[in-house]
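Peer 1: I'd like to ask you about the structure that follows.
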Amino acid sequence: MRPDLSVNLAGLELKNPVMTASGTFGYGLEFDPFFDIGQLGAIVVKGLSLKPKAGNPPPRIVETPAGMLNAIGLQNVGVDVFLNEKMPELREKKAPVIVNFFGNTEEEYVALAEKLDGVDGIAALEANISCPNVKAGGIAFGTDASVASTLIGKIRKSTSLPLIVKLSPNVTDIKVMARAVEEAGADILSMINTLTGMSIDVRTRRSNLANMTGGLSGPAIRPVAVRMVWEAAKSVNIPIIGIGGIVSAEDALEFILAGASAVQIGTASFISPTAAIDIVKGLERFLADEGISRLSDMIGALEG
């Protein structure tokens, strides 16, 4: 008998817990040549803004020990192009589509949530709150609990879809942020987003990124991400999606044991385009080998 990999995230039923991480999997369709993306638990598309965004000048990606820094700058086609050109094809896939979105003002977030609400084929929204609030001196929405709470409260009123809030790790206490967005109406947390980092070419004495700093991802950040998921899981009553350096089924299970109900695969897809589906198969093998019939029995099962 095959192990049951299905999970329930605040009413969102997934055939397995493996999703793609926003910004690392394009709009999903780019990976069609490599495997059937409908086999994944869900597809999280590249973050969308109200208008198309060109992103930052190159160089925008640099490899680091056990990871990479990116400063893509949230380049995307804009919500209208996505809905008109990408969504029709995505609707034909069997995996739920989760739309990541962002803005620089509360009004932009609300307008996006309203535009995406009720669109056929969109299963949930994921709010990226790591963006600068241009009306509050550039402070990131995701680093101030009060600012984040107000924003999520307004988004919550603008959509009937399950609302995932993606938390930034660049805070003093992740538990405070987790509780703040839960109380404001978040249905699910996804965590963590990238850690701010920097890489310098010592010969040219210049940053290896045109933007100077970037977001650090990959296996190097996994211990930090697992710790933050564990802390948040003890502080909130809503499901958590774990993100950060997952390249194997065992990595994914670390997050699940720490309290995550699902995971997102990001940087690993740059290494191998089949990484996400390989992890699904790895989870099935692990559970079968261990005689575990349901993956859900492992959620938060950390001992000690």
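Peer 1: Only one residue in 220, 232, 186 is assigned to a helix (DSSP H, G or I) and crowded, with 23+ Cβ neighbours inside 10 Å. Which one?
Peer 2: From the options 220, 232, 186, the qualifying one is 232.
Peer 1: Is it true that some residue in the range 210-217 is assigned to a helix (DSSP H, G or I) and surrounded by 19 or more Cβ atoms within 10 Å (Cβ to Cβ)?
Peer 2: Scanning the range 210-217 turns up no residue that is assigned to a helix (DSSP H, G or I) and surrounded by 19 or more Cβ atoms within 10 Å (Cβ to Cβ).
Rundown of residues vs (1) within 16 Å of the chain's Cα centre (by Cα); (2) farther than 21 Å from residue 12 by Cβ, yes/no style:
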site: 53; (1), (2): no, yes
site: 57; (1), (2): no, yes
site: 63; (1), (2): no, yes
site: 100; (1), (2): yes, no
site: 115; (1), (2): no, no
site: 119; (1), (2): no, no
site: 128; (1), (2): yes, no
site: 133; (1), (2): no, yes
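Peer 1: For the list (1) among the aliphatic types (A, V, I, L, M); (2) in contact (Cβ under 8 Å) with a residue 40 or more places away in the chain; (3) assigned to a loop (DSSP other than H, G, I, E, B), I need the number of the one condition that residue 124 fails.
Peer 2: (3) is the only condition that residue 124 fails.
Peer 1: What pairs come up if the first residue lies in the range 31-48 and is in contact (Cβ under 8 Å) with a residue 60 or more places away in the chain and more than 15 Å from residue 278 (Cα to Cα), the second is of a type in the set (Asp, Glu) and crowded, with 21+ Cβ neighbours inside 10 Å, and their beta carbons are under 7 Å apart, counting only those six or more places apart or on different chains?
Peer 2: Close Cβ pairs satisfying both conditions: 44/126.
Peer 1: Which residues, counting only those in the range 263-298, are out of contact with any Gly (no Cβ under 7 Å at 6 or more places or on another chain), over 12 Å from residue 4 (Cα atoms) and outside any helix (DSSP H, G or I)?
Peer 2: Answer for the range 263-298, where residues must be out of contact with any Gly (no Cβ under 7 Å at 6 or more places or on another chain), over 12 Å from residue 4 (Cα atoms) and outside any helix (DSSP H, G or I): 264, 265, 266, 272, 273, 274.
Peer 1: Restricting to the range 272-292, name every residue that is over 19 Å from the mean Cα position of the chain (by Cα) and surrounded by 13 or more Cβ atoms within 10 Å (Cβ to Cβ).
Peer 2: 281, 282, 283, 284, 286, 287, 288, 292
Peer 1: Those residues that are touching a strand residue (DSSP E or B) at 6+ places or on another chain (Cβ under 7 Å) and of a type in the set (A, V, I, L, M), I need them from the range 152-173; list them, please.
Peer 2: Correct list: 152, 155, 161, 163, 164, 165, 167.
Peer 1: When only residues in the range 65-88 that are part of a loop (DSSP other than H, G, I, E, B) and either acidic (Asp, Glu) or within 20 Å of residue 251 (Cβ to Cβ) (or both) count, which is nearest to the chain's Cα centre (by Cα)?
Peer 2: So, considering only residues that are part of a loop (DSSP other than H, G, I, E, B) and either acidic (Asp, Glu) or within 20 Å of residue 251 (Cβ to Cβ) (or both), the one nearest to the chain's Cα centre (by Cα) is 66.
Peer 1: Among the residues of the range 1-36, how many are more than 17 Å from the chain's Cα centre (by Cα) and closer than 27 Å to residue 75 by Cα?
Peer 2: Final tally of qualifying residues: 8.
None of the figures in this text is laboratory data; all of them are computed from the coordinates on show. Source: prediction; values computed, not measured. All Cβ positions, even for glycine, are placed from backbone atoms using ideal geometry, and neighbour counts span all protein chains on display.
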